[in-house]
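*Asks:* This structure is in structure tokens; I'll ask about it shortly.
The values are calculated or read from the model by the stated rules, or taken from the named source; none is laboratory data. All values derive from a computational prediction rather than experimental measurement. Every residue, glycine as well, gets a Cβ built from its backbone with ideal geometry; the counts of neighbours run over all protein chains shown.
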Amino acid sequence: MKSKFLFAFLATVPFLFHGEARADKKRAAAPTSWGYVVRGTNVETKPGSHKPALLKLGRGALVTIIAEKSHASAPWARIRAIDPATLEPVVGWVESNQIETEPPSQYPSDSELLKQLGGVYLEDLTASSAQIVRYIMAQGQSGPALVCFIGTRVLPQTRLQIFQSSNGRFNPGPYIEFPSSEMQSAITSIEVRDLAGGGRDCLITHEPFKTQTHYDGVNMVIRKIDGGTFKTLWQAPLEFRNLASFPPKLQKLDPPENNIGTPGTITTGTVEFRARGQINEPFWKGKIAFYIPGREKPIDTVSLEKLCPWDGSKFAPLR
């Protein structure tokens with residue numbers, strides 16, 4: 001009996017330590033203040049680390065600051081953020097000069113935000129597993145908007161939700177819901193920039209897309225808040241693979257951007273923003289590669305560079 005009792009006790013030890021470790025991690029993540037990311041920055045494993053970054057934070061990210069310390073005569077902050085690509089928490093270090101500190105009372109907690117959404121977000125299982133990625137968008141003369149990408153393992157969708165500031169409070173505003181997938185997040189990257197001028201930020205996201213049989217890739221999407229809703233200003237692929245079928249012979253269309261997404265092609269591109277006065281316009285640069293069955297390398301490629309100017313209400317489409 002003693003041996004059985006000892007075996008049962010030892011069997012529970014890993015679970016006890018695992019639970020203790022999770023509790024310690026939760027306690028360690030208690031914020032002392034909020035951190036607003038002034039410009040894009042990396043989250044490091046430790047101050048001054050030369051290892052690959054744990055996470056890339058885009059401009060406008062709002063993170064919780066856990067602790068601060070000096071390293072090599074420079075201040076660093078230990079922060080907690082949520083990776084939109086995995087909807088998992090990341091704890092690491094950023095240089096303090098990359099963030100602006102705000103008091104804990106400046107923004108509502110996760111539980112307060114979920115309570116405002118109501119409905120299924122009030123259920124204990126949903127609330128306990130929800131992760132919230134936060135970004136701040138300037139809105140000109142109006143108060144800033146709090147942008148939240150919300151996901152939880154128990155709901156069949158993720159949500160891009162705006163909370164608009166009014167009289168010191170953040171109230172639920174427009175939102176977009178995306179079907180959730182265990183394989184890939186609906187949004188993998190977020191950044192905030194004033195592209196159209198006037199001090200009203202745009203939200204820039206990378207959004208994977210996939211169909212069952214035809215094509216897949218990643219779009220860059222630029223949106224702003226307009227008239228109480230999201231307005232899409234521009235969308236273009238950073239990747240677009242369509243190898244489900246192939247034409248009987250190579251066909252290159254004119255203009256070259258018309259080849260993007262055609263059967264037997266893989267498109268890859270990057271986007272930079274070029275200033276024109278107060279406007280920052282997307283400049284797409286990439287190539288479209290043409291494939292035939294049985295060959296790993298493309299049989300031909302077409303290079304493409306295109307500036308998509310602002311027309312007063314949106315950016316010109318890539319194609």
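*Asks:* Can you spot a residue in region 200-209 that is surrounded by fewer than 18 Cβ atoms within 10 Å (Cβ to Cβ), over 15 Å from the mean Cα position of the chain (by Cα) and either in contact (Cβ under 8 Å) with a residue 12 or more places away in the chain or assigned to a loop (DSSP other than H, G, I, E, B) (or both)? Don't jump to the end; show me each part of the working.
*Replies:* As a first pass, look at region 200-209 and keep what is surrounded by fewer than 18 Cβ atoms within 10 Å (Cβ to Cβ): 209.
Okay, now just the ones that are also over 15 Å from the mean Cα position of the chain (by Cα), so none.
The answer is no, given that none of the residues of region 200-209 is surrounded by fewer than 18 Cβ atoms within 10 Å (Cβ to Cβ), over 15 Å from the mean Cα position of the chain (by Cα) and either in contact (Cβ under 8 Å) with a residue 12 or more places away in the chain or assigned to a loop (DSSP other than H, G, I, E, B) (or both).
Okay, residues lined up against (1) in contact with a helix residue (DSSP H, G or I) (Cβ under 8 Å, 6 or more places away or on another chain); (2) part of a helix (DSSP H, G or I); (3) at pLDDT below 95:
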| position | (1), (2), (3) |
| --- | --- |
| Arg78 | no, no, no |
| Ile82 | no, no, no |
| Val90 | no, no, no |
| Glu100 | no, no, no |
| Ser105 | no, yes, yes |
| Leu113 | no, yes, no |
| Val120 | yes, yes, yes |
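*Asks:* Is there any pair linking a residue in region 107-119 that is more than 11 Å from Pro172 (Cα to Cα) and touching a residue at least 12 places away in the same chain (Cβ under 8 Å) to one that is surrounded by 16 or more Cβ atoms within 10 Å (Cβ to Cβ) and of a type outside the set (D, E, K, R), with Cβ under 6 Å and at least six apart or on different chains, and which?
*Replies:* Tyr107/Trp34; Pro108/Phe170; Asp110/Ile132
*Asks:* Evaluate the following for Phe149: is it among the aromatic types (Phe, Trp, Tyr) and touching a residue at least 60 places away in the same chain (Cβ under 8 Å)? Let's see the steps before the verdict.
*Replies:* On the way: among the aromatic types (Phe, Trp, Tyr): yes; touching a residue at least 60 places away in the same chain (Cβ under 8 Å): yes.
Yes; evaluated as a whole, the condition is true for this residue.
*Asks:* Of all residues in region 87-106, which are closer than 16 Å to Pro75 by Cα and without any contact (Cβ under 8 Å) to a residue 40 or more places away in the chain?
*Replies:* Ser96, Asn97
*Asks:* Among the listed residues Val302, Val271, which satisfies the condition of being part of a strand (DSSP E or B) and farther than 20 Å from Leu195 by Cα? Quick ask: steps written out before the conclusion?
*Replies:* Working: Val271 fails: farther than 20 Å from Leu195 by Cα.
Going through Val302, Val271 in turn, the sole match is Val302.
*Asks:* Can you name every residue in region 142-192 that is among the charged types (D, E, K, R) and farther than 17 Å from Lys115 by Cα?
*Replies:* Going residue by residue through region 142-192, those that are among the charged types (D, E, K, R) are 153, 159, 169, 177, 182, 191.
If the condition is that a residue be among the charged types (D, E, K, R) and farther than 17 Å from Lys115 by Cα, then Arg153, Glu177, Glu182, Glu191 are the ones that fit.
Conditions tested, residue by residue: (1) under 19 Å from Pro309 (Cβ atoms); (2) touching a strand residue (DSSP E or B) at 6+ places or on another chain (Cβ under 7 Å); (3) among the basic types (Lys, Arg); (4) surrounded by fewer than 18 Cβ atoms within 10 Å (Cβ to Cβ).
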| site | (1), (2), (3), (4) |
| --- | --- |
| Gly197 | yes, yes, no, yes |
| Thr211 | no, no, no, yes |
| Gly217 | no, yes, no, no |
| Thr232 | yes, yes, no, yes |
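*Asks:* Do any residues in region 292-319 that are closer than 19 Å to Ile222 by Cβ have Cβ atoms under 7 Å from those of residues that are among the polar types (S, T, N, Q) and outside any strand (DSSP E or B), where the two are at least six apart or on different chains, and which pairs are they?
*Replies:* Arg319/Asn258
*Asks:* With respect to the numbered conditions (1) small (Gly, Ala, Ser); (2) surrounded by 13 or more Cβ atoms within 10 Å (Cβ to Cβ); (3) in a loop (DSSP other than H, G, I, E, B); (4) under 26 Å from the mean Cα position of the chain (by Cα), which one is the sole condition not fulfilled by Ser313?
*Replies:* For Ser313, the exception is condition (2).
*Asks:* Next question. Looking only at region 274-296, filter to residues that are among the β-branched types (Val, Ile, Thr) and farther than 17 Å from Gly198 by Cα; which one of those is surrounded by the fewest Cβ atoms within 10 Å (Cβ to Cβ)? Talk me through it step by step, then tell me what you get.
*Replies:* Residues of region 274-296 among the β-branched types (Val, Ile, Thr): 279, 288, 292.
Then drop every residue that is not farther than 17 Å from Gly198 by Cα, which leaves 288, 292.
Working: Ile288: 25, Ile292: 13.
The selected residue is Ile292.
*Asks:* Moving on. Quick one: in region 234-252, which of the residues that are of a type outside the set (Gly, Ala, Ser) and either in contact (Cβ under 8 Å) with a residue 60 or more places away in the chain or assigned to a strand (DSSP E or B) (or both) is farthest from Leu307 (Cα to Cα)? Walk me through it before giving the result.
*Replies:* Keep residues of region 234-252 that are of a type outside the set (Gly, Ala, Ser), which gives 234-235, 237-243, 246-252.
Keeping just the survivors that are either in contact (Cβ under 8 Å) with a residue 60 or more places away in the chain or assigned to a strand (DSSP E or B) (or both) gives 234-235, 237-242.
Working: Trp234: 12, Gln235: 13, Pro237: 14, Leu238: 15, Glu239: 18, Phe240: 19, Arg241: 22, Asn242: 24 Å.
Per the criteria, the residue is Asn242.
*Asks:* Quick check on my filter: what residues within region 181-199 are modelled with pLDDT under 95 and either on the phi > 0 side of the Ramachandran plot or assigned to a strand (DSSP E or B) (or both)?
*Replies:* The answer is Gly197, Gly198, Gly199.
*Asks:* Give the residue, chosen from Phe178, Phe163, that is surrounded by fewer than 17 Cβ atoms within 10 Å (Cβ to Cβ), among the aromatic types (Phe, Trp, Tyr) and at pLDDT 90 or above.
*Replies:* After applying the criteria, what remains is Phe178.
Table: residues versus (1) assigned to a strand (DSSP E or B); (2) in contact with a Ser or Thr (Cβ under 9 Å, 6 or more places away or on another chain); (3) closer than 27 Å to Lys231 by Cβ; (4) in contact (Cβ under 8 Å) with a residue 60 or more places away in the chain.
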residue: Thr126; (1), (2), (3), (4): no, yes, no, no
residue: Pro144; (1), (2), (3), (4): yes, yes, yes, no
residue: Arg153; (1), (2), (3), (4): no, yes, no, no
residue: Thr158; (1), (2), (3), (4): yes, yes, yes, yes
